[in-house]
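Participant: After the structure tokens below, expect a handful of questions from me.
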Amino acid sequence: MRQGVLIEHALRRSWRRQRQAVLLASLGLLLAVIVGALVYLSQAALDATTGRQLEILIAERNELEQLNESLRSEIASLRSVPRLRRRAEEMGFRQANTEDIDYVVVDQYDPRRTAVAPQIYAQQATPAADYDETLAGWIQQQLDAFNRQPDAAEGE
Amino acid sequence: MRQNLPDDTLRQRLPIVIAGLLLVSVLLMLRLVSFQFQLDPAVTGYLESVRASGYQRTLRQAAVRGNIYDRDLQAMAVNSLEYRVGISPNLISQPRETAIRLAGIMGLDELDTFNRITSEVPWVLLSAGVSADQGRQVAELDLLGVTIEARPRRYYPQGSMAAQVVGFVGGDLQGYYGVEGFYDVQLAGREQEQMLSNIPFDVPEDHDEDRGSDIVLTIDREIQYLAESELESSVALTNAARGNILVMDPRSGEMLAMASWPTFDPNAWYEVRDDTLLQNAAINGLFEPGSLMQVLTLAVALERGAYRMEDTYLDRGYIEAGGVQVQNWDRKAHGVVDLTTVLVETLNVGAATISMQMGPAAFYSGLREFGIGEPTGIDLQGELPGILFVPGDEDYNDSLLLTNSFGQGVAVTPLQILTAFSAIANDGLMMQPHVFRRLLDGDEVRASSPSTLGRPISAATARQVTEMMVTATREGMGGRAGLPGYTVAGTAGTAQVPTTLGYEAGTSIVSFIGFLPADDPRVIVFIRLDHPNEYWGAAAAAPVFQRLAQRLVIMMNIPPDDVRRDLVAAGGAVEAIQH
């Protein structure tokens, strides 16, 4: 009888441990799901916010472009010939007549002479490293970037 | 026992029902799973459209239309915005103040605005054509119940200037007439399709702006303004009904100005009642060229070898053929006359004698080579070919050989006759007239290159005809077309106005074509006035050319002949002082 009680007790303790383990595992899983959901919701909310901001910026850009177009048309109106003529007359200008113009002939002036442009000595640019878009190339690029880091730190 | 019977039946039938339900569920699940795999494309398309209709919509947007510029990149047609301002009367708490403020900004009648604001309608339009500046001011008021809707609009900052060259854009955003019509495809660009999503997580698509190409014209707006001002004042001065002035560079065929009167404002094209005003009279306004045609007759005769410069004929004052008698304008006989005198005195009998001598085959083939009776092919919408009946045509008769030689019984457009004369100015080479100079498509620039329409006469013949035209200008028009310091080659035309019963008495269509400097032409000008109070072209049209040429030589930096020769002698070139 005593032995039977002990066995039953041992079995109950074992079940309790198992239940605790199952409970803990379930709790962990639940927490993981909650954390995952929170991360997902947070990321989705961030996406939505960024999308909205982007939408606002695009709308703002479009509005500014339209405003620029309007300003361009306004400038074109202000530069119309009748307005410019009227303004020039207000400022005291008048139309030139043929007798107001003196043409000066410059001896031996050849407008179509060959022009010699000054030579420009460009600095020798360091050629960019080739990147062959393979895994080895990518690893090489990372190594090169890593090797350049100490130099940059020294420069600072 | 009786009570156990339903339990037994239930026990027996329940598995069948469960199995049936399970089977249906499995079938439904299999069907659902099957949607994830290949389906009939029609079904896939339908399902996608059902899905998209709930979450997405497609917005079709016209691309931003390209601008039009003159040769110096001054805007002739641009895009702008106008606003449509409306109001919801129920939402307005202070109608009186709102009416005063809105009417003040938009230039509306205060009482009318107040009446609209207090009307018993859910929404009322206050103004449809509010400018961008006014629209901004209304938006800044931030009034509840006021709606502002921006709408794209084509705007022509130069107003009516070159309206018939530029054309206009209609309410359907399509270009009509002129450059807007001819280059509509290039200016309009491609229609854009934008997918708009209702799902907030979808990042909106940002398209690079797709816009039509910009077009740079050969038109010089300052020369255009000069031509239009001169035409308007000449029409007023001579009491003419209509008129045209065309200015062209004969060496390239570039049109520098195409002025027509009357014209219209492309910003208000919808107010035009007479549709002919929308069309370019320079390319579809047919007229009988009158004495202008004598020059072409002489050129063809010299080119074909039917006559030489020193040849003469006996002018009896009339000539008969095909049942008609042709007389000189003064109804006099001029005796022995040389070819230059035919032009100086504009003798119809002389021109008719020459065409008779040549014969119809040589005469008409020569005119065809000058492009008479055929469209020039200018890059503007709505060009007409003119009318020239040749042997073999149903409407041809023998008398036309005589009358066509001095510009009767033949109809041309201003551009057609100008193009024909440009061949004389350009050593016999006839250039393709055009208004397109460059196309700007993003970073790409496509420039036009001059092309030829042919060589109707040789350089030697062109120089001979030019010489005769110089003499005609110097001696034939009483100095009305000359310009001190410059050699001008020109000729005037006077044509009767044809009606269905013959010709209208006492009125005419006068014209003048001239180019300068005669030995190295930089510019060729055509002038036409319909029904002026002066009957003769030399009296009505030649002075217009003179006034115009005085301004043109300054604007185009064309030095007087002596300066030009000194310049060339000194090893320079005229081009050195041109912009």
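Participant: Nothing charged except the Cβ atoms of Lys and Arg (+1) and of Asp and Glu (-1): what's the magnitude of the dipole of the stretch B:221-577 about its Cα centre? Round to the nearest 20 debye. Numbers along the way, then the final one.
Facilitator: Numbers: 23 positive and 42 negative charges, 115 e Å.
Dipole magnitude for the stretch B:221-577 comes out near 560 debye.
Participant: Please rank B:PHE406, B:PHE37, fewest neighbouring Cβ atoms within 10 Å first, as an exposure proxy.
Facilitator: Neighbour counts put them in this order, fewest first: B:PHE37, B:PHE406.
Participant: While we're on this one: Along each principal axis of its Cα atoms, how long is the stretch B:65-155 end to end? Whole angstroms, biggest number first, please.
Facilitator: The Cα atoms of the stretch B:65-155 stretch 53, 21, 20 Å along the principal axes, largest first.
Participant: Report relative contact order for the stretch B:221-577 in percent, whole number only (criteria: Cα-Cα under 8 Å, sequence separation at least 6).
Facilitator: On the way: 753 pairs, mean separation 74.0, N = 357.
In percent, rounded to a whole number, it is 21.
Participant: Could you size up the charge dipole of the protein assembly as shown around its Cα centre, putting +1 on the beta carbon of Lys and Arg and -1 on that of Asp and Glu, and report it in debye to the nearest 20?
Facilitator: Values: 60 positive and 93 negative charges, 625 e Å.
With Lys and Arg at +1 and Asp and Glu at -1, about 3000 debye.
Participant: Tell me the label-point distance for the pair B:THR276, B:VAL568, using the 7 Å Cα-to-Cβ offset, in nm and rounded to one decimal.
Facilitator: 4.4 nm
Participant: Per-residue Cβ counts within 10 Å, from other chains only, averaged over B:128-139: what number is that?
Facilitator: Details: counts 0, 0, 0, 2, 7, 3, 0, 1, 2, 0, 0, 0.
Taking all residues of B:128-139 together, the mean is 1.
Participant: Can you put B:MET248, B:MET555 in order, fewest other beta carbons within 10 Å first?
Facilitator: Numbers: B:MET248 28, B:MET555 15.
Result, fewest neighbours first: B:MET555, B:MET248.
Participant: Express the C-alpha Rg of the protein assembly as shown as a ratio against the empirical globular expectation 2.2 N^0.38 Å, rounded to two decimals. Present the calculation step by step, with values, prior to reporting the outcome.
Facilitator: Values: Rg = 41.1 Å, N = 735, 2.2 N^0.38 = 27.0 Å.
The value comes to 1.52.
Participant: Treating each Cα of chain B as an identical point scatterer and ignoring solvent, apply the Debye formula and state log10 I(q)/I(0) at q = 0.06, 0.07, 0.10 Å⁻¹.
Facilitator: Cα-only, vacuum Debye calculation for chain B: -0.47, -0.58, -0.90.
Participant: Follow-up question, since we're still on this one. Along the principal axes of its C-alpha atoms, what lengths does the stretch B:26-94 span, in descending order and rounded to whole Å?
Facilitator: Sorted largest first, the three principal extents are 73, 52, 13 Å.
Participant: Efficiency by 1/(1 + (r/R0)^6): what FRET value for B:ASP142 and A:ASN62, r their Cβ-Cβ distance, R0 = 25 Å, to the nearest 0.05?
Facilitator: Numbers: r = 21 Å, r/R0 = 0.82.
My answer for the efficiency is 0.75.
Participant: Moving to a separate point now. No solvent, one uniform scatterer per C-alpha: report log10 I(q)/I(0) for the stretch B:167-266 via the Debye equation at q = 0.12, 0.17, 0.25 1/Å, two decimals.
Facilitator: Values, matching the q order: -0.60, -0.93, -1.26.
Participant: Among residues other than B:HIS434 whose Cβ falls under 15 Å from its Cβ, what is the net charge (Lys/Arg +1, Asp/Glu -1)? Please list the in-between numbers first.
Facilitator: Values: positive: B:ARG71, B:ARG251, B:ARG437, B:ARG438, B:ARG446; negative: B:ASP70, B:ASP220, B:ASP249, B:GLU254, B:ASP379, B:GLU383.
Neighbourhood net charge equals -1.
Participant: Okay, next question. Neighbouring Cβ atoms within 10 Å as the yardstick, rank B:THR58, A:THR50 fewest first. It would help to have the intermediate numbers written out before the result.
Facilitator: Working: B:THR58 9, A:THR50 12.
By the 10 Å Cβ count, ascending, the order reads B:THR58, A:THR50.
Each value in this text was obtained by applying a stated rule to the coordinates, not by laboratory testing. Source: prediction; values computed, not measured. Neighbour counts are summed over all protein chains in view; Cβ atoms, including those assigned to glycine, are modelled from backbone coordinates with ideal geometry.
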